[in-house]
Structure formats: C-alpha cells, structure tokens
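Q: What follows is a single structure, and I will ask about it in a moment.
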Amino acid sequence: MDPDDIAALNGSQRSAAFREQHRKLDPIDAPRDLGPKRRALRDQRHRNNVADCHVGLLKTGGQGTCVLISCGGTVAFAIARTPKGLLIEKRVCPSTGPRTSHAMLFEDRTTFDRWCDIEPTRSEDPLLCDLLRSRGHEFFAGQD
C-alpha cells in the first residue's frame, strides 16, 4: 500500500495498514521443533498412557487368548481362537498421530503366513513378529 492510500483510510484502518506494512518478521514465527525436555516429557506421558491404549483388546478373555505388546508399547496384537479360525486384532497407538485398530480372521495357515510375510511390524520389531507367527502356527497345528 502507498502512503497516500494509507492516508485516505480512517484511524483504525490506517494504524492496522501501517503496522502490517512495517511489521518485522520474527524468527520464531515459523513452527519450531520440540526441545529435548519437552519431547522427553511427551514420550514419558505416552508411555504412562500406553496401558490405557490397549485396554479392552479382544475382551473375550477366554482360553486361547493372548496379547503381545511391542517393546515400545505402540503396537499390540491380540490373538484368539474362534470356531471359524484365528482372530488377530492389531492395535497401533503412536505417540503422535491417529490410533488405529484392525481385526483379521485367518481360516488357514497359508493365508496367515502370507500376512506375516508382509506385516510392517516384522522390520520394526522382529521378535514380536516371530512370537506372533509361532503362536499362530501353534493354533493351526492344533487344528490338523
């Protein structure tokens, strides 16, 4: 805006236009990363709430049900035997972002093995995936 245009405005509009024209950008106007202390506090709060995230995972509580939780506590698998097959519920509770839950029913071992081969958790927590695969194989061995 030109100085002549600013002069033509009324008082409040003039001061707002003047401030906008002469505003200096502050280096903290852009979003900043969390500092190490704030990040540690957020992660600690998340670890404390992780137990609450996985409460109610497959509320069957019957025989043949087990829950496997990753080292970081962000991923949990609940495994249950059903008359139709092996039911697995995967719950992901990251420290930031959406929380998701997926339930899958496997009727045979080959389908279960194919799913285990492409499950993304296998690279993040291989020990958890090996335990999950062995529990699934125990179930299907008992079916034969």
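The values are calculated or read from the model by the stated rules, or taken from the named source; none is laboratory data. Note that the coordinates shown come from a computational prediction; the quantities given were computed from them, not determined experimentally. A quick note on method: Cβ atoms are made from the backbone with ideal geometry, for glycine too, and the neighbour counts reach across all protein chains shown. For the accessible areas, the whole protein counts, side chains as well, though only heavy atoms, and no ligand, DNA or RNA atoms are used. Shrake-Rupley method; radii C 1.70, N 1.55, O 1.52, S 1.80 Å.
Q: Looking at the stretch 91-104, which of its residues are surrounded by 14 or more Cβ atoms within 10 Å (Cβ to Cβ) and touching a residue at least 24 places away in the same chain (Cβ under 8 Å)?
A: R91, C93, S95
Q: Now for a separate question. Consider the stretch 91-144. How many of its residues are hydroxyl-bearing (S, T, Y) and closer than 30 Å to R39 by Cα? Spell out the reasoning first.
A: Let us first name the residues in the stretch 91-144 that are hydroxyl-bearing (S, T, Y), namely 95-96, 100-101, 110-111, 121, 123, 134.
Keeping just the survivors that are closer than 30 Å to R39 by Cα gives 95-96, 100-101, 121, 123.
Here the count works out to 6.
Q: Quick one: is L131 over 30 Å from D43 (Cα atoms), open to solvent by 40 Å² or more (accessible area, probe 1.4 Å) and touching a strand residue (DSSP E or B) at 6+ places or on another chain (Cβ under 8 Å)? Walk me through how you get there before you give the answer.
A: Working: over 30 Å from D43 (Cα atoms): no; open to solvent by 40 Å² or more (accessible area, probe 1.4 Å): yes; touching a strand residue (DSSP E or B) at 6+ places or on another chain (Cβ under 8 Å): yes.
When the stated conditions are applied, L131 does not pass them.
Q: Hey, another quick one. In the stretch 85-118, which residues are modelled with pLDDT under 90 and outside any strand (DSSP E or B)?
A: C93, P94, S95, T96, G97, P98, R99
Q: Quick one: which residue in E107, E124 is touching a residue at least 40 places away in the same chain (Cβ under 8 Å) and surrounded by fewer than 17 Cβ atoms within 10 Å (Cβ to Cβ)? Give the steps one after another, and end with the answer.
A: Values: E107 fails: touching a residue at least 40 places away in the same chain (Cβ under 8 Å).
Of E107, E124, the one residue that is touching a residue at least 40 places away in the same chain (Cβ under 8 Å) and surrounded by fewer than 17 Cβ atoms within 10 Å (Cβ to Cβ) is E124.
Q: Right, next: Taking the condition of being open to solvent by 40 Å² or more (accessible area, probe 1.4 Å), at pLDDT 60 or above and not basic (K, R), how many residues in the stretch 46-81 meet it?
A: 9
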